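Read the figures in this text as sums done on the coordinates, not as results from a lab. Bear in mind that the values here come from a model prediction, so they are computed numbers and not experimental data. Neighbour counts run over all protein chains shown; Cβ positions are idealised from the backbone, glycine included.
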Amino acid sequence: MAVNVEQAIERAIERAPVADVGTRTSLAVHGAVLKSPEGVRDAVDVLHGTWLGHPLHPVLTELTIGAWFIGGALDAVGALGRSRRARYAGDRLAAIGTACAIPTALTGLADFSTFPQWSARPATLHAALNLANIGLYATSLWERRRGNRRRGLALSWAAQALTAASAWLGGMLVYKHKVGVDHSERFTGPRNWTPVYHEADLADGRAVRVTVEGKQVLVCREEGRIFAIGAVCSHAGGPLDQGKISRGCVQCPWHDSVFDLRDGRIVHGPATQPQPSFETRVRGGRVEIRLAARTRAKGEGDQA
């Protein structure tokens, strides 16, 4: 029965005429970020969570939802038992949750601006519900302060019902659509120098994709140096070998994450995980690579 309900909800989401609106909004915000000064993009990287190692949005979501739902329970206690302390605590937590919702929404907007195309419908509905929740809670606080406590409580409890629906969509985005997870391939080798490409065929400023131990590696020459990193973008699986090579970096053609070709580290998000990286050398006219120590250590840690 539960499976049928879940499938019915997912079918309803797929029929929702919101994908185009969400996609246009997402592209507009992302385009504005790319056209902005470097400092703006650095700020958006903070919102993405590039410094944290995973998206920042779910961290702040816990604070917001926790304050709202604990506050809602205290609101109920205050209403049923006429406890002044419970009412006071419920009001304070409603205000704290609403205040936390503002940075939470900003991180969500940053992630929304670069959502993978296949997640357009649930991502748009998730965003719309969250905006509705903030509006309902702000109105609830206004009504409470005006003395209309019953109306204020009704609005906050309605917002909590929408919050539960939004949280369900958030789970769908992560666990079904894999939004926010690391899409890069896991490398455990090669540990030894392995030839992968003819040096003479490697044009400057152009990347090629080679297969090494069944996985994809980007190899390129840029300003006379040869680099190699994982070819599958950690943000959403984009083909980095089709991206723009410039100033020792590669920009993903899907959502414009930028990685340093020397070590795979993130220069700009939305990616929050670095790329696997390789050491390179040329022997006998062939480009040879081996897994960098940092990537090898990370792979061993993941396996453990």
When the charge dipole of region 105-221 is computed with +1 at the Cβ of Lys and Arg and -1 at the Cβ of Asp and Glu, the Cα pointing farthest to the positive end, of 193, 126, 211, is that of 126
Order by neighbour count: 188, 163, fewest other Cβ atoms within 10 Å first, most last.
-> 188, 163
Total formal charge among the other residues, if their Cβ is under 15 angstrom from that of residue 261, Lys/Arg +1 and Asp/Glu -1 = +2
State, to one decimal in nm², a quarter of the convex hull surface area for the C-alpha atoms of region 65-112, i.e. the direction-averaged projected area.
-> 3.1
Exposure proxy order (Cβ contacts within 10 Å, fewest to most) of 279, 62, 185 = 62, 279, 185
Euclidean distance of C-alpha centroids, region 214-253 and region 102-166, integer Å | 38
Computed, not fitted: 222 nm per-residue ellipticity of the chain from DSSP H runs ≥ 4 (each -39500 (n - 2.57)), nearest 500, equal to -18000 deg cm²/dmol
Listed residues 239, 224, 284: farthest to the positive end of the dipole of region 194-303 (Cβ charges) | 284
Taking only the alpha carbons of region 107-201, what extent do you get along each of the three principal axes, in Å, biggest first?
-> 77, 23, 22
Scattering profile of region 2-175 from the Debye formula, Cα beads only, expressed as log10 I(q)/I(0) at q = 0.13, 0.15 Å⁻¹, is -0.72, -0.90
Can you name the helices of the chain, as whole DSSP H runs, whose Cα span along the helix axis is 30 Å or more and whose Kyte-Doolittle mean is not below -1.0?
-> 57-81, 84-112, 120-145, 149-175
Please grab the % of Cα pairs in region 194-303 that end up more than 25 Å from each other.
-> 13
Just one of [x] 137; [y] 128; [z] 168 is volume of the Cα convex hull per residue in Å³ as worked out from the coordinates here. Which one is it?
-> [z]
Three principal axis lengths of region 43-128 [C-alpha, angstrom, descending] | 49, 28, 16
